[in-house]
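S.K.: Just dropping this structure here.
The values are calculated or read from the model by the stated rules, or taken from the named source; none is laboratory data. These numbers come from a predicted model, not from an experiment. So basically every Cβ, Gly included, is an ideal-geometry build from the backbone, and we count neighbours across all protein chains shown. All accessible areas refer to the heavy atoms of the entire protein, side chains included, with ligands and DNA or RNA removed. Shrake-Rupley method; radii C 1.70, N 1.55, O 1.52, S 1.80 Å.
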Amino acid sequence: MKKVVSFGEIMLRLATPNYQRFVQAESFEATYGGGEANVAVSLAHFGLDSTFITAVPDNDIGQAAVNHLRRFGVSIKSVLRVKDSRLGIYFLETGASQRASQVIYDRSLSAIASIKEGVFDWEEIFAGGASWFHFTGITPALGDRVAAETLRACRIAKQHGLTVSCDLNYRKKLWTRDKAQAVMTGLMDYVDLIVANEEDAEMVFGIKAKHTDIVKGTIDDQGYREVARELKEKFDLQHVAITLRESLSASENGWSGLLYDGKEFYKSRRYLVHIVDRVGGGDAFAGGLIYALLKEFSPQEALEFATAASCLKHTVHGDFNMIKASEVMQLAAGDESGRVQR
């Protein structure tokens, strides 16, 4: 069984129920999530050996987050417990129709942000058949010490012959564009696969797609082909993948993907998605692509699997994509009927 290691922060998610606004809510729905944790859960659902590396507070809230990962089959044996620390929180107000969703972070001084470089034994973590390491741009944005540990993990992963993937996941509330470019450029020396959305490459590396207006939901394929080509050449990558979201409203999105392997461009089918929960959609795409590439799908098949996986995530409440590989394959094969399965 292929082993994939993911590194990042798991957070407590507090979401308003029934599309309520923050000022209306008298209660919050509590669950857990985070970029790399979402990928780890996807891969476990697909049947891979999925290991998640993080730090949580040494208390019952930290243990609850770990238990949430364990229940979906993710290995948490190398999770670090930190005394006198806290779990990061994010608050979610789910939008509808023309009202956008909102996210408010409360994650400063969290357990993972307090780690020191060298705290994880990556040699041991990657031992035992690990073949892939995944992180996102969110993790090094949590602070200089976390960025240094991410770089250390990437170096050791490459020494062990692992494929390294990175979802750029630019978060303007965590760091500046200049800081992101400086840190992420150094990490790209070790990355084989970049995953990005419509604006990540511009926000992090200043590479902008032409003839595109993400606010109006206008997406130009050719512009993103040029973005992928420039990223591939700039960082000597094996693959570049870009998710293409046409934001028709908070409730209806067009959804597709693009993959470039340095020789050919591949475009997925387009889905019109009625959104239940869009948080984690990009992570579901990344998880689907990692799974498909490890299973040696053809580039087009890998892209279709990833896009279908992320399409289905939009129909699942919470951060995690609790979808089986067989369900993804059914959609990727063309069954969009949504008929009751008996």
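S.K.: Largest first and in whole Å, give the semi-axes of the chain's equivalent ellipsoid, each being the square root of 5 times a Cα gyration tensor eigenvalue. It would help to have the intermediate numbers written out before the result.
M.R.: Details: eigenvalues 144, 121, 86 Å².
Over the Cα atoms of the chain, the semi-axes work out to 27, 25, 21 Å.
S.K.: In debye, nearest 20: dipole of the stretch 131-194 around its Cα centre with unit charges on the Cβ of K, R (+) and D, E (-)?
M.R.: Values: 9 positive and 6 negative charges, 47 e Å.
Dipole of the stretch 131-194, to the nearest 20 debye: 220 debye.
S.K.: Okay, next question. Please work out whether the stretch 52-95 counts as rounded, prolate or oblate from its C-alpha gyration tensor, where a ≥ b ≥ c are the square roots of the eigenvalues and a/c under 1.5 means rounded, while otherwise a/b larger than b/c means prolate and anything else oblate?
M.R.: Working: a/c = 2.31, a/b = 1.25, b/c = 1.85.
Here the stretch 52-95 falls in the oblate category.
S.K.: Out of all DSSP beta bridges with both ends in the chain, state the antiparallel percent to the nearest 5.
M.R.: Values: 27 of 57 bridges.
Around 45 percent of the beta bridges assigned by DSSP in the chain are antiparallel ones.
S.K.: Quote the relative contact order of the stretch 16-120 in percent (integer), defining contacts as alpha-carbon pairs under 8 Å separated by 6+ residues. Walk me through the numbers on the way to the answer.
M.R.: Values: 148 pairs, mean separation 26.8, N = 105.
Computed over the stretch 16-120, the figure is 26 percent.
S.K.: Using DSSP to call loops (not H, G, I, E or B), can you name the GluC sites (Glu not before Pro) in the stretch 238-282 whose Cβ has at most 11 other Cβ atoms within 10 angstrom? Walk me through the intermediate numbers first.
M.R.: Details: sites: 246, 252, 264; in loops: 264.
Here the GluC sites (Glu not before Pro) that fit, given the DSSP loop and packing criteria, are 264.
S.K.: At a Förster radius of 30 Å, what calculated FRET efficiency corresponds to the Cβ-Cβ distance of residue 220 and residue 27, to the nearest 0.05?
M.R.: Numbers: r = 43 Å, r/R0 = 1.43.
So the FRET efficiency works out to roughly 0.10.
S.K.: Which of the trypsin sites (Lys or Arg not before Pro) across the stretch 94-170 are loop residues per DSSP, with 11 or fewer other Cβ within 10 Å? Provide the component values of the computation, followed by the final result.
M.R.: Details: sites: 99, 107, 116, 145, 152, 155, 158; in loops: 107, 116.
Sparse-neighbourhood loop trypsin sites (Lys or Arg not before Pro): 116.
S.K.: A further question follows. Report, in listed order, any pair from 116/234; 158/295; 179/267; 158/324; 208/267 with a Cα-Cα distance greater than 23 Å. All intermediate terms of the calculation are to be shown ahead of the outcome.
M.R.: Details: 116/234 31 Å; 158/295 20 Å; 179/267 32 Å; 158/324 30 Å; 208/267 19 Å.
Exceeds cut-off: 116/234; 179/267; 158/324.
S.K.: Quick one: pull the percent of accessible area on the chain belonging to carbon and sulfur, 1.4 Å probe, ligands and nucleic acids left out. If you can, show how the numbers build up before the last one.
M.R.: On the way: 6990 of 14800 Å².
Using a 1.4 Å probe with all protein chains present, the chain comes out at 47 percent carbon and sulfur.
S.K.: Sticking with this one: First check a/c for the stretch 63-216, with a ≥ b ≥ c the square roots of the eigenvalues of its C-alpha gyration tensor; if it is under 1.5, answer rounded, and if not, answer prolate when a/b is larger than b/c or oblate otherwise.
M.R.: Values: a/c = 1.74, a/b = 1.24, b/c = 1.40.
Since a/c reaches 1.5 but b/c is at least a/b, the shape of the stretch 63-216 is classed as oblate.
S.K.: Can you tell which of 122, 73, 110 lies farthest toward the positive end of the dipole of the stretch 66-125, using +1 and -1 charges on the Cβ of basic and acidic side chains (Lys, Arg; Asp, Glu)?
M.R.: Selected residue: 73.
S.K.: Using a 10 Å cut-off on Cβ atoms, rank the peptides 80-89, 186-195 from the highest mean neighbour count down.
M.R.: Working: 80-89: 16.7, 186-195: 20.4.
Ranked by mean Cβ neighbours within 10 Å, highest first: 186-195, 80-89.
S.K.: Before I look further, what does the chain give for accessible area per residue, probe 1.4 Å, in whole square angstrom?
M.R.: Values: 14800 Å² over 342 residues.
In whole numbers, the chain has 43 Å² accessible per residue.
S.K.: Express the relative contact order of the chain as a whole percentage, based on alpha carbon pairs under 8 Å and six or more residues apart in sequence.
M.R.: This gives 15 percent for the chain.
S.K.: Who wins for biggest fluctuation among 117, 26, 233 in a Gaussian network model of the chain, springs between alpha carbons below 10 Å?
M.R.: Per the Cα network of the chain with a 10 Å cutoff, 26 tops the list.
S.K.: If you don't mind, another one. Which loop-located trypsin sites (Lys or Arg not before Pro) does the stretch 177-279 contain, where loop means any DSSP state but H, G, I, E or B and the Cβ has at most 11 other Cβ atoms within 10 Å? Before the final figure, lay out each step's value.
M.R.: On the way: sites: 177, 179, 208, 210, 216, 225, 229, 232, 234, 245, 263, 267, 269, 270, 278; in loops: 208, 210, 216, 263, 269, 270, 278.
Hits after loop and neighbour filter: 210, 216, 263.
S.K.: Continuing with this model, one more query. Going by the alpha-carbon gyration tensor, a ≥ b ≥ c the square roots of its eigenvalues, is the stretch 192-314 rounded (a/c under 1.5) or, if a/c is not under 1.5, prolate (a/b greater than b/c) versus oblate?
M.R.: On the way: a/c = 1.82, a/b = 1.12, b/c = 1.62.
It comes out oblate by the Cα gyration axes.
S.K.: Can I ask one more? For the stretch 203-320, give the magnitude of the charge dipole about the Cα centre (Cβ charges: +1 Lys/Arg, -1 Asp/Glu; no others), in debye to the nearest 20.
M.R.: Working: 15 positive and 17 negative charges, 35 e Å.
About 160 debye.
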